[in-house]
1. In a shell of Cβ-Cβ distance under 14 Å around Thr132, excluding Thr132 itself, what net charge do Lys and Arg (+1) and Asp and Glu (-1) give?
2. If you count only protein heavy atoms and use a 1.4 Å probe, how large is the accessible surface of Phe157, to the nearest 10 Å²?
3. I need the calculated FRET efficiency for the pair Ala152 and Leu110, taking r as the beta carbon distance and R₀ as 30 Å, to the nearest 0.05.
Amino acid sequence: MNSIIKKYIFIIPLLINIYLGAQTINASGSGWAVSVPAITEAGNNYTGTYASATNATVLSGSLPGSFLNLLSSSGAKITMHYTPTTWNSNLHLYAKRSGGTATINGVCVLCTATINGGNTAYIEIPQGTSNTLSTITFSGVLGLGNSVTYSAINVQFQISGVSVTIPAASYSAQVVFTVAAN
C-alpha cells in the first residue's frame, strides 16, 4: 500500500510542473558588501543602517501562457526571503524596488501588464518565510501564445541593526526571489 501512495506523490508535482510551464525569475548583480567605518572614539556606535546602490540586483523573467491562464486576472507576485550563511539575528535585511517593465507577448486584445508595489518603502526580508516585494498584474482577453516578460526591476537593499554590541565578524546571507501566483 505504501508504494502506491509514493507513486502518486511523485506524479502530482510532475503534472503541476508540466501544466505551469517554466515561469522564470533571473537575478543579476554582483552582490553587496556593506562597508562599515571603524569606530575611532570610545562611546560611539555605528550609524546602524546602510543601503546598497539602487540596482544592487536586477530582476527579469517570464510567465508562460499556461501560467497566465491558470492565474486569470489575479496576477503574479515576486516574493523574497533570505537564507543565512553566517548571520546575527540582530541584523535585519530590507529591500525595495524601482523601475521595471512588463510586456505581454502573443495575440492579446486590450492587454496590459504592470509591475506594482515595493517602491515606496523598504520591505523586510524574513528568514525562511517569504514577503512580497512586488506584483505583476495583467488584464485583457488572453488569446493564443501569450506570455509576459518582465525586466529591469531594480532592487535596493538595506541592512539595519549594525552595532558595536554585535561581535565583529563577516556576516553573509543569500536572498532568494520567487515568482508565484498572487
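1. My count for the surroundings of Thr132 gives +2.
2. It works out to around 20 Å².
3. 0.80
The values are calculated or read from the model by the stated rules, or taken from the named source; none is laboratory data. It should be emphasised that the depicted structure is a prediction, and the values quoted were computed from it without experimental measurement. Backbone-built Cβ (ideal geometry, glycine too); neighbour counts: all protein chains shown. Note: areas computed on protein heavy atoms with side chains; ligands, DNA, RNA excluded. Shrake-Rupley method; radii C 1.70, N 1.55, O 1.52, S 1.80 Å.
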